[in-house]
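Enquirer: This is the structure, below, for whatever I ask next.
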Amino acid sequence: MKVAIQGIAGSYHHQAATALFEEATMVECDTFEQLAQSVDRGESQAGVMAIGNSIAGSILPNYGLLQQYQLVITAEYFLPINHCLMAIAGQTLKDIEEVQSHPMALLQCKPFLNDLENTKLVETDDTAAAVMRIKRNHLKGVAAIASSIAASLYDLEIIAQDIQEEKLNATRFVVVEKASQPETENSNKATLNFTTTHEAGSLSRILSLFARKGLNLSKIQSIPIPEQPFLFSFVVDVEFVELQMFKDAVREVKSLTKEFNIMGIYKAATL
Ligand SMILES: O=C(O)C(=O)Cc1ccccc1
């Protein structure tokens, strides 16, 4: 099975996809947009896409990509992430003049990076690509932020570990597919997207309905609507005990929303 990921072997996407799929041929993409396109065009049967992080928050552009390419969420996965700083053998922290990594990793390590004086930060396609390049070009004075798996895969030395802002750092990944998988007995979570009318209390009425129907709201995210400046749609994750509870709520919520779309029904994962 072909699975699109953002990054190369040793990237966090690669780790998440390996945990999610027993047998997968990874389709390595440079960008999140290429990942979405690969699934959209059927070049990959599924994609694994980071959607949010416990330190850096939602990856808003990825919500936009799910909508733009009408991809369906069929599973989720939480990957604990411990970032390391690494360089070629013999380099110490005081030798480092430049740190390279994926922007999400740089964001998650801000306090550590702020303490490094006169160090240039360079954004790369993915964490593992930075590691591979430093090794291949034997770059002195340049370090990468990536996982310990990437350090051993590409043979760089770890200079500092657990450099993320909070020790407990996790990224939520979703599996995205072109066609919706039928919901199963195990489905206990859904991601919804809707717009509301511009009336006082419209969002509150929708959320109250979910509460009355016994749905547990685990996330709410407002998403810009690019064609309508400063108007927003809402993406909501709800968890339920029985699928029927969810179906009942959906039937009623449609009359309270303007546009309504189910982005996926799947099994909730734990941290
Ligand atoms: O660059 C990577 O390794 C990725 O998979 C993107 C990423 C970066 C930091 C945290 C989670 C995902």
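Enquirer: Suppose we keep only residues that are assigned to a loop (DSSP other than H, G, I, E, B) and near the ligand (Cβ under 8 Å from one of its atoms) within the stretch 1-21. Which one would you say is farthest from residue 174 (Cα to Cα)?
Expert: Selected residue: 10.
Quick grid of which residues meet (1) surrounded by 18 or more Cβ atoms within 10 Å (Cβ to Cβ); (2) outside any strand (DSSP E or B); (3) not assigned by TED's automatic domain parsing to the domain that holds residue 9:
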| residue | (1), (2), (3) |
| --- | --- |
| 63 | yes, yes, no |
| 66 | yes, yes, no |
| 76 | yes, no, no |
| 107 | no, yes, yes |
| 131 | yes, yes, yes |
| 135 | yes, yes, yes |
| 138 | no, yes, yes |
| 152 | no, yes, yes |
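Enquirer: Would you be able to say whether some residue in the stretch 110-123 is surrounded by 13 or more Cβ atoms within 10 Å (Cβ to Cβ), in a loop (DSSP other than H, G, I, E, B) and without any contact (Cβ under 8 Å) to a residue 60 or more places away in the chain?
Expert: The answer is yes; a qualifying residue exists.
Enquirer: Go through the stretch 102-127 and count every residue that is polar (S, T, N, Q) and either more than 16 Å from the chain's Cα centre (by Cα) or more than 10 Å from the ligand (Cβ to nearest atom) (or both).
Expert: Residues in the stretch 102-127 being polar (S, T, N, Q) and either more than 16 Å from the chain's Cα centre (by Cα) or more than 10 Å from the ligand (Cβ to nearest atom) (or both): 4 in total.
Enquirer: Another question, then. Mind listing just one residue for me: the one in the stretch 79-94 that is in a strand (DSSP E or B) and within 16 Å of the ligand (Cβ to nearest atom) and, of those, surrounded by the fewest Cβ atoms within 10 Å (Cβ to Cβ)?
Expert: Restricting to residues being in a strand (DSSP E or B) and within 16 Å of the ligand (Cβ to nearest atom), the top hit is 80.
Enquirer: Filter the stretch 48-78 for residues that are more than 10 Å from the chain's Cα centre (by Cα) and of a type in the set (Val, Ile, Thr); which is nearest to the ligand (Cβ to nearest atom)?
Expert: Ranking the candidates gives 55 first.
Enquirer: Against the condition touching a residue at least 60 places away in the same chain (Cβ under 8 Å) and either part of a strand (DSSP E or B) or not assigned by TED's automatic domain parsing to the domain that holds residue 7 (or both), how does residue 48 come out, does it pass?
Expert: In short, yes.
Enquirer: Quick check on residue 181: is it surrounded by 18 or more Cβ atoms within 10 Å (Cβ to Cβ), outside any helix (DSSP H, G or I) and not aliphatic (A, V, I, L, M)?
Expert: No: the conditions fail for residue 181.
The values are calculated or read from the model by the stated rules, or taken from the named source; none is laboratory data. Quick caveat, the model's predicted, so the values are computed rather than measured. Glycine gets a Cβ as well: all are built from the backbone with ideal geometry, and neighbour counts include every protein chain shown.
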